[in-house]
Amino acid sequence: MNQVLNFITSKQEIIYTVILMIFVGIEIIEKVPSVLHTPLMSGANAIHGVVIIGAIIVMGKAEQDNYLALALGFIAVLLGTLNVVGGFVVTDRMLEMFKKKK
Amino acid sequence: MNQHLLTICYLIGSITFILGLKMLSNPASARKGNLLAAGGMSIAIFGTIFLFSYDENGTTHYLGNYIWIFAALIIGAIVGTLAAKKVQMTAMPEMVSLFNGMGGACAALISIVEFNHLSKELDATPPAEIIQKIQEVQPTVLIIVLGLIIGSVSFAGSMIAWGKLNGKVKDFSFTGQNILNMVVLAAALGLAVYMIFNPQQHMLLYAILGLSLFYGIFFVMPIGGADMPVVISLLNSFTGVAAACGGFLYDNKVMLTGGILVGAAGTLLTILMCKAMNRSLKNVLIGSFGGNKKGVAGVAGAQGEHKEISLSDAAMVMSYANKVLIVPGYGLAVAQAQHTCHELEKILTEKGVEVKYAIHPVAGRMPGHMNVLLAEADVSYDILMEMEQANDEFPTTDVVLILGANDVVNPAAKSDPASPIYGMPILDVEQAKTVIVNKRSMKPGYAGIENDLFFRPKTSMLFGDAKKVLQDLCTEIKNA
């Protein structure tokens, strides 16, 4: 029990961030028209590509002789980049088509 | 100094994500929002590469292995851009699913590497201090395992969703599948809990990975293709949470905010999509649309005879109409017929016919799919009508031309409580004087149910590939 309480106190900043972000996330897309559901999903998909930062840290920390970490880190950075770059480009392509007729 | 710069980079990243997502929910600012978020992402990525430092054994280290990092970044960027640029508009949904899977896999890999790192530390700890050490690392193990489970479910699920949308994977379900899924998930979670208390058992991590992948596959398998957008949106929010786990792990604010933001917004978006179909999320996930219920509705609907119309008759009816409403569906997308459709619209307009489009919110494979497709073909924004608007117009319409849409015009949604799509709002095409349906065959739509509309006296069928039929219609009308 003590351990749990300690954990909450030591991580309170993160816990606050999480809770506030949940509300922000819900608030900002509440009024989205159904036309934009697909681009919005695609844009959100690109944003969760931030996970690549974790991959970069893993990769950058890996020791030169730890081939497993190097290989897995390399794949992780590669996949993360695909997620980020592909996600933003696809979203832009979808939205480009909306723009022409605005 | 570098530390502070990095903090500012991350702050900029978080703010652009929030603003970007906000702007993405408004048609006028959407494109700028996307670019803004992309800019923030670049700042956060390059900030991490050059400014990130960590303390180990009392000294400050910067990240190494630049060659590897940049090699991966460059390859990923080139492949990602090419894939995203080359993909057909119709294949957008599966592309999103694929990229989502990549993010999930990335999160799972991070967990694996971090866990290996941690288990080395544990192995090096002298037995006297091991209990103390285990207590210390418990929260970290929790986050790592959570990231692994969510990331790999998202990866496996997205791959199946991708395969389903491009037709490589068929629907597959068996009795008791839901129970098996629950058992597998419970086993994965049970092992995860055991692992938190016994982090020295390295190999368990791979068992959890296997179970999670298995769960991801069999969780998406039975869900019908028509519901894939909802599933992708849900998996999208999963990956967001997996990314947030990484943020927890490294105490990294931009990963945390970005991940949670997508997790929350994605969940809401999933619910909004379900609402557009007037179904609950639970119904989508467990109901396995069109699977086991097919028999019941199929028998009730397979009655009467349908009537066919010839091309020249259809052309005639349309060119002498006052008002024509076009109802596009997935068939239009598959046939890549959006440009030909616009062509037909122009020819009819020149003849003095009023032409408009009636767009059901879930027509096609994703909400907004049809709008994107028609926008690509240069169809003007102001003749695209949303469902409510269109339903007001049908009574004054002479001809409704349905192009490869099925479930969104199925009257069973209004009249037959036994139908799996009962309660879904539909386009009330029967209010119009004549209905012409273009389909490839009499096969039921994605929901796997018969459509009574096709047997109604007002309805005539015009079989064939949408593009071919539209081209022929154009020629016929021009020559008439």
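The values are calculated or read from the model by the stated rules, or taken from the named source; none is laboratory data. Worth saying up front: this structure is predicted, and the values here are computed from it rather than measured. Using ideal geometry, Cβ is built from the backbone for each residue, glycine included, and neighbour counts are taken over all protein chains shown. For accessibility, only protein heavy atoms count, side chains too; no ligands or nucleic acids. Shrake-Rupley method; radii C 1.70, N 1.55, O 1.52, S 1.80 Å.
At a glance:
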{"quantity": "Selected residue (criterion: farthest from the chain's Cα centre (by Cα)) from residues of the range B:13-39 that are surrounded by fewer than 16 Cβ atoms within 10 Å (Cβ to Cβ) and hydrophobic (A, V, I, L, M, F, W, C)", "calculated": "B:15"}
{"quantity": "Condition broken by residue B:222, with the remaining ones in (1) within 21 Å of residue B:282 (Cβ to Cβ); (2) in a helix (DSSP H, G or I) satisfied", "calculated": "(2)"}
{"quantity": "Wholly enclosed helices (runs of 4 or more DSSP H) of the range B:359-431 bearing at least 1 residues under 21 Å from the mean Cα position of the chain (by Cα) and crowded, with 24+ Cβ neighbours inside 10 Å", "calculated": "B:369-376"}
{"quantity": "Some residue of the range B:222-230 being of a type in the set (A, V, I, L, M, F, W, C), within 30 Å of residue A:29 (Cβ to Cβ), away from every other protein chain (no Cβ under 12 Å) and open to solvent by less than 40 Å² (accessible area, probe 1.4 Å)", "calculated": "yes"}
{"quantity": "Total residues in the range B:83-142, condition within 21 Å of residue A:58 (Cα to Cα), in contact (Cβ under 8 Å) with a residue 12 or more places away in the chain, touching a Lys or Arg at 6+ places or on another chain (Cβ under 8 Å) and not acidic (Asp, Glu)", "calculated": "1"}
{"quantity": "Those residues of the range A:22-45 which are facing chain B (nearest Cβ under 7 Å), more than 22 Å from residue B:385 (Cα to Cα) and either in contact (Cβ under 8 Å) with a residue 60 or more places away in the chain or open to solvent by 10 Å² or more (accessible area, probe 1.4 Å) (or both), in sequence order", "calculated": "A:22, A:24, A:26, A:28"}
{"quantity": "Single condition residue B:210 does not satisfy, out of (1) open to solvent by less than 40 Å² (accessible area, probe 1.4 Å); (2) modelled with pLDDT under 95", "calculated": "(2)"}
{"quantity": "Within the range A:46-75, tally of residues that are aromatic (Phe, Trp, Tyr) and within 7 Å of chain B (Cβ to nearest Cβ)", "calculated": "1"}
{"quantity": "Matching residues in the range B:143-181 - criterion: being in contact (Cβ under 8 Å) with a residue 12 or more places away in the chain, aromatic (Phe, Trp, Tyr) and surrounded by fewer than 24 Cβ atoms within 10 Å (Cβ to Cβ)", "calculated": "B:172"}
{"quantity": "In the range B:188-207, the residues that are in contact with a Ser or Thr (Cβ under 6 Å, 6 or more places away or on another chain) and crowded, with 21+ Cβ neighbours inside 10 Å", "calculated": "B:188"}
